[in-house]
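The values are calculated or read from the model by the stated rules, or taken from the named source; none is laboratory data. What you see is a predicted model; the values in this text were computed from it and never measured. Note that we place each Cβ from the backbone using ideal geometry, even for glycine, and neighbour counts take in every protein chain shown.
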Amino acid sequence: MDFKIQNHQDTRSGFGDGLYELGKTNPRIVGLCADLIGSLKMGAFANEFPDRFFQTGISEANMMGMAAGLTIGGFIPFTGTFANFSTGRVYDQIRQSIAYSGKNVKICASHAGITLGEDGATHQILEDIGLMKMLPGMTVIVPCDYNQTKAATIAIAEHTGPVYLRFGRPKVPNFTPADQQFEIGKAITLKPGRDVTIIATGHLVWKAIEALTILKEKGIDAELINLHTIKPLDEEAVLASVAKTRCVVTAEEHQQYGGLGESIAGLLARQLPLPMEMVAVNDRFGQSGTPDQLMEAYGLDADHIAEAVQKVIARK
């Protein structure tokens with residue numbers, strides 16, 4: 001299957017453009033940002049709809065409380081800051097003021113994972129998917145490119161309840177359809193195959209696509225699934241694929257503890273125990289470096305995905 005790169009764009013711009021489109025069509029959409037308008041690409045929305053935009057300053061906990069309160073008035077708030085500050089710094093406020101009461105807040109988090117790059121471990125977060133998916137009623141979405149992030153941003157406005165939308169800083173291949181209809185909780189099979197199932201999310205989807213070429217040269221026919229929604233998990237799609245291939249590799253820019261891989265492992269342990277390997281960060285904090293350097297250093301690239309596939313096939 002041919003995956004055509006339309007251009008290279010950062011996924012955070014997909015969020016900013018999606019939010020702007022929402023603002024033009026839905027007067028209930030409001031934006032809140034913790035002093036990072038440029039980084040979150042919220043400038044177009046802020047400039048066009050100043051009465052529906054709130055610059056909270058470096059006060060993330062207060063921003064979450066404000067967002068929860070705005071839902072009571074019928075608004076749909078989209079909060080914006082770095083993923084580290086969107087989750088770890090404000091977990092108590094999210095749990096108590098948003099998740100516990102099911103507030104219709106969209107927590108939109110940029111600069112996730114190690115591809116934040118040179119800012120280093122204090123600004124990178126590799127635990128956020130686990131933190132957020134454990135909250136009852138929280139939807140967790142990790143789109144793979146600009147187009148999918150824009151579509152996801154627009155789609156979550158129609159979803160009632162709290163959502164965590166995770167995206168990133170670097171420019172990455174933009175290859176999904178510009179006119180796609182994003183369906184929460186519905187996995188996308190990018191390539192059918194018979195030998196192994198690869199389930200990837202976020203930036204690792206393109207890395208998995210690159211791994212397909214390596215695997216094809218080795219005579220391995222891999223099935224690739226873009227699992228953009230971590231919660232709710234598309235159990236039917238996962239089980240159908242793994243029942244066919246009889247082994248699976250997951251790939252994510254997150255700790256192996258608590259992320260996509262553990263969700264898949266839990267599902268298989270309950271319903272279809274089969275060999276599995278995880279491509280993820282192995283119990284380490286991040287560090288400074290370029291995104292490409294860090295992805296290679298932490299084993300989050302096409303070569304490591306291909307190695308994991310060969311390892312899991314050997315265990316069938």
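List of remarks:
- Matching entry among T197, T213, T250, T245 (being farther than 28 Å from H111 by Cβ and surrounded by 24 or more Cβ atoms within 10 Å (Cβ to Cβ)): T197
- Candidates are the residues of the range 164-173 that are surrounded by fewer than 24 Cβ atoms within 10 Å (Cβ to Cβ) and of a type outside the set (V, I, T); the one that is nearest to G88 (Cα to Cα) is R169.
- G161 being surrounded by fewer than 24 Cβ atoms within 10 Å (Cβ to Cβ), at positive phi and touching a strand residue (DSSP E or B) at 6+ places or on another chain (Cβ under 9 Å): yes
- Some residue of the range 27-39 being at pLDDT 95 or above, of a type in the set (S, T, N, Q) and more than 25 Å from G202 (Cα to Cα): no
- Residue in the range 187-204 that is farthest from I264 (Cα to Cα), counting only those that are within 14 Å of the chain's Cα centre (by Cα) and not in a strand (DSSP E or B): H203
- Qualifying residue in the range 89-102 (condition: touching a Lys or Arg at 6+ places or on another chain (Cβ under 9 Å) and β-branched (V, I, T)): no
- Taking the conditions (1) surrounded by fewer than 19 Cβ atoms within 10 Å (Cβ to Cβ); (2) among the acidic types (D, E); (3) under 21 Å from L300 (Cβ atoms) in turn, E183 satisfies each one other than (3).
- Considering residues of the range 289-316 that are more than 22 Å from the chain's Cα centre (by Cα) and exposed (fewer than 15 other Cβ atoms within 10 Å of the Cβ) only, the residue nearest to I209 (Cα to Cα): K311
- Residue in the range 229-238 that is over 24 Å from R284 (Cα atoms), surrounded by 20 or more Cβ atoms within 10 Å (Cβ to Cβ) and aliphatic (A, V, I, L, M) present: yes
- Scope the range 136-158; condition in contact with a Pro (Cβ under 8 Å, 6 or more places away or on another chain), within 11 Å of I107 (Cα to Cα) and surrounded by 24 or more Cβ atoms within 10 Å (Cβ to Cβ); matching residues: none
- Selection within the range 170-186 - of a type in the set (A, V, I, L, M) and either modelled with pLDDT under 95 or not in a loop (DSSP other than H, G, I, E, B) (or both): V172
- Screening the range 205-316 for helices (runs of 4 or more DSSP H) wholly inside it with 3 or more residues that are touching a strand residue (DSSP E or B) at 6+ places or on another chain (Cβ under 8 Å) and without any contact (Cβ under 8 Å) to a residue 60 or more places away in the chain returns the ranges 235-245, 260-271, 302-314.
- Tallying residues that are crowded, with 21+ Cβ neighbours inside 10 Å and basic (K, R) within the range 78-119 yields 1.
- In the range 216-228, residue surrounded by the fewest Cβ atoms within 10 Å (Cβ to Cβ) [restricted to those that are aliphatic (A, V, I, L, M) and out of contact with any Leu (no Cβ under 6 Å at 6 or more places or on another chain)]: I220
- Out of I125, I37, I98, I72, sole residue that is within 18 Å of the chain's Cα centre (by Cα), hydrophobic (A, V, I, L, M, F, W, C) and more than 25 Å from D179 (Cα to Cα): I125
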